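Visitor: Quick one: the structure is below, and I'll ask about it shortly.
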Ligand code: SF4
């Protein structure tokens, strides 16, 4: 009943910062505490876990109706380069340098022929700029030599590019090619483990397990929503449990402050989000 009433609320981030979510410790979290804090319950059946996961995924869609890729891009090439640049920095920082970068080097051919010193100067604010200059130069050259300067739209091809792993490939496939992809970044891995959906640490194994729980057509948007939740509510150090709309299904409820007032202060607004 409670979930249905809450689902009728306006779909804004206010849903997660409302004290209405203050409630006693959910039984699932009590059982997790009894297991020594492990959120993964080996006794939960695959069917029950799938149902719970899909219920939480629906709630995430209501909590974060505005979820989207937070890197700015206008085509697959820009998204691929921006994703490679986003390592060890925030999306916001990448978005600050990419307008200059793509104005000067709008495609693989231009980037492959870039003057290294000029490129490094543009990339400097993103940190590790020498390594990143090497990465994007190598990437542009590979695109030029092996794919006619175009970004390939297949996972098997994308992961052959230097510096491109499954995470980056899924970002590009999901957001530039409309091919569903699960983006297992640091937020995604942390959250699905906290949700008790998997006990795996390896991103490839996490991706495979979550692929069994969430319908394929939803993978891209689901990834955005989980990452939004990780950036705004379920932080690595101080999870805002007392202001979290997933509390009743989450075995990790209580790892962060449960007091609604304290927790609400931890919720980051989109503008204040670190978008790391
Ligand atoms: S904030 Fe707390 S209740 Fe919400 S998903 Fe994270 S650990 Fe679970």
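The values are calculated or read from the model by the stated rules, or taken from the named source; none is laboratory data. Remember, predicted model here, so these are calculated numbers, not experimental data. Note: ideal-geometry Cβ built from the backbone for every residue, glycine included; neighbour counts use all protein chains shown.
Visitor: Can you tell me which residue within segment 215-244, out of those that are surrounded by 21 or more Cβ atoms within 10 Å (Cβ to Cβ) and farther than 17 Å from residue 187 by Cα, is nearest to the chain's Cα centre (by Cα)?
Guide: The selected residue is 243.
Visitor: Here's a follow-up. If you check every pair at least six apart or on different chains, which have Cβ atoms under 6 Å apart with a residue in segment 238-250 that is free of Cβ contacts under 8 Å to residues at least 40 places away in the same chain first and a residue that is crowded, with 24+ Cβ neighbours inside 10 Å and not in a helix (DSSP H, G or I) second?
Guide: Taking only residues 6 or more apart or on different chains, the pairs are 241/253.
Visitor: When residue 260 is evaluated against the numbered criteria (1) touching a residue at least 60 places away in the same chain (Cβ under 8 Å); (2) over 19 Å from the mean Cα position of the chain (by Cα); (3) in the same structural domain as residue 132 (by TED's automatic domain parsing), which criterion, by number, is the only one it fails?
Guide: The number of the failed condition is (3).
Visitor: Name the helices (runs of 4 or more DSSP H) wholly inside segment 27-145 in which the number of residues that are touching a helix residue (DSSP H, G or I) at 6+ places or on another chain (Cβ under 9 Å) and not assigned by TED's automatic domain parsing to the domain that holds residue 220 is 1 or more. Lay out the reasoning, then the answer.
Guide: Working: elements: 27-34, 46-63, 76-85, 91-104, 108-112, 116-123.
Ranges flagged: 76-85, 91-104, 108-112, 116-123.
Visitor: Another question about this same structure. Just give me the residues in segment 260-276 being modelled with pLDDT of 95 or more and in a loop (DSSP other than H, G, I, E, B), in sequence order.
Guide: Of everything in segment 260-276, just one residue is modelled with pLDDT of 95 or more and in a loop (DSSP other than H, G, I, E, B), namely 267.
Visitor: Quick one: in segment 169-184, which of the residues that are surrounded by fewer than 23 Cβ atoms within 10 Å (Cβ to Cβ) and part of a helix (DSSP H, G or I) is farthest from the chain's Cα centre (by Cα)?
Guide: Among residues in segment 169-184 that are surrounded by fewer than 23 Cβ atoms within 10 Å (Cβ to Cβ) and part of a helix (DSSP H, G or I), the one farthest from the chain's Cα centre (by Cα) is 176.
Visitor: Would you mind telling me which numbered condition in (1) at pLDDT 95 or above; (2) surrounded by fewer than 19 Cβ atoms within 10 Å (Cβ to Cβ); (3) farther than 18 Å from residue 32 by Cα residue 257 fails?
Guide: With (1) at pLDDT 95 or above; (2) surrounded by fewer than 19 Cβ atoms within 10 Å (Cβ to Cβ); (3) farther than 18 Å from residue 32 by Cα applied to residue 257, the lone miss is (3).
Visitor: Residue pairs, Cβ under 9 Å, 6 or more apart or interchain, first in segment 191-219 and over 24 Å from residue 256 (Cα atoms), second loosely packed, with under 13 Cβ neighbours inside 10 Å. List them.
Guide: From segment 191-219, the pairs are 212/46; 213/46.
Visitor: Which residues, taken from segment 146-168, are surrounded by 14 or more Cβ atoms within 10 Å (Cβ to Cβ) and in a helix (DSSP H, G or I)?
Guide: Correct list: 147, 155, 157, 158, 166, 167, 168.
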